[in-house]
Amino acid sequence: MAEHHLPGDPPVALTLRRSARARRISLRISSLDGRVTLTLPKSLPERAALAFAEEKADWIRGHLQKHPEAVQAEFGALLPIDGQSRVVERAQGRRIQLEAGRIAVPGDRPARPLQRYLKELARNRLAEASDFYAARLGKGYSRLTLRDTRSRWGSCTADGALMYSWRLILAPPAVLRYVAAHEVAHLAEMNHSQAFWDTVERIHGRWQAPRAWLRENGASLHRYRFGE
């Protein structure tokens with residue numbers, strides 16, 4: 001997989017991906033982070049794919065204008081932690097400080113330390129919520145892991161393993177708790193039947209509002225970049 005750029009102001013990053021199954025060039029723009037990917041047959045020269053992208057330049061830029069602009073986790077940036085906007089500032093001490101309206105990070109490059117801090121905070125909040133709902137359900141889970149998933153906010157396996165996106169820490173607490181309740185409910189109902197939704201409501205209460213928030217705003221949580 002190679003990285004290229006579409007010329008212009010600003011240049012647009014292009015990811016070229018080869019596939020043995022591809023018969024022609026295909027173009028995809030991620031609805032989550034605006035990533036532009038060109039998939040091309042193994043035998044096709046890269047220059048042909050780049051020429052194809054230049055032909056589609058107006059369409060690509062028009063689509064990207066509708067996509068939320070990426071936000072780098074640097075000093076002065078605004079990040080929604082627990083759903084509250086906080087400015088990233090330089091810390092005077094050696095520890096990250098989370099306060100109302102601000103998060104102070106030591107050092108000169110805040111992205112990586114901030115990401116580690118947010119992942120740990122997410123783990124603590126999600127473990128607490130999962131324990132709470134599992135106790136209400138009367139079933140335990142086997143383990144809890146975090147990932148930076150793009151297609152789902154959580155999952156539950158047949159052996160009781162829970163997985164969550166750590167980016168839920170950027171959402172309002174009610175949304176994080178709903179996702180925890182949703183996945184814990186799968187410990188009893190490995191489906192999305194009416195019985196499943198009844199279980200979610202029994203252990204969590206009304207779930208429609210946080211679910212709607214995720215549908216409307218969830219993609220925006222992927223706009224925050226931590227040095228990837």
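The values are calculated or read from the model by the stated rules, or taken from the named source; none is laboratory data. Since this is a predicted model, take the numbers as computed values, not measurements. Here the Cβ positions follow ideal geometry from the backbone for every residue, glycine too, while neighbour counts run over all protein chains shown. Quick note on the areas: whole protein, heavy atoms, side chains included, nothing else; ligands and nucleic acids left out. Shrake-Rupley method; radii C 1.70, N 1.55, O 1.52, S 1.80 Å.
Couple of notes before you dig in:
- Acute angle (nearest 10 degrees) that the helix 173-185 long axis makes with the longest principal axis of the chain, alpha-carbon atoms: 80 degrees
- Of the trypsin sites (Lys or Arg not before Pro) found in the range 146-228, those that fall in a DSSP loop while having at most 15 other beta-carbon atoms within 10 Å are ARG150, ARG152, ARG206.
- The range 140-202-the range 81-108 distance, computed between alpha-carbon centres (Å): 28 Å
- Highest mean packing comes first when the peptides 108-121, 86-99 are listed by Cβ atoms within 10 Å, giving 108-121, 86-99.
- Across the range 134-228, the mean sequence separation of Cα contacts (distance under 8 Å, 6 or more residues apart), normalised by length, yields a relative contact order of 25 percent.
- In Å², nearest 10: area of ASP9 left accessible to a 1.4 Å probe: 150 Å²
- Once the Cβ-Cβ distance of ALA135 and ARG61 is raised to the sixth power relative to R0 = 45 Å, the FRET efficiency obtained is 0.30.
- In nm, spacing of pseudo-spin labels at SER19 and ARG102 (7 Å Cα→C-beta vector): 4.8 nm
- With DNA, RNA and ligands ignored, accessible area of SER155 (1.4 Å probe; Å², nearest 10): 20 Å²
- Convex hull volume per residue, computed on the Cα atoms of the chain, equals 161 Å³.
- The angle between the Cα long axis of helix 46-55 and the main principal axis of the chain comes to about 80°, on a 0 to 90 degree scale.
- Residues in the range 184-209 reached by a label modelled at SER142 [backbone nitrogen below 18 Å; 7 Å Cα→Cβ]: 184-191
- Cα-Cα separations in the range 34-157 greater than 20 Å, expressed as whole percent: 64 percent
- Close amide H contacts of ARG225 (hydrogens built in the peptide plane, cut-off under 5 Å, sequence separation of 5 or more or a different chain): VAL71, GLN72, ALA73.
- With a simple spin-label model that places each label point 7 Å from the Cα along the Cα-to-Cβ direction, the separation between ARG35 and SER85 comes to 2.8 nm.
- Across the chain, C-alpha contacts under 8 Å between residues 6 or more apart give a mean separation that, scaled by the residue count, equals a relative contact order of 17 percent.
- Principal-axis tilt of helix 208-217 within the chain, Cα atoms, nearest 10 degrees: 20 degrees
- The heavy atoms of HIS192 offer some 110 square angstrom of accessible surface to a 1.4 angstrom probe.
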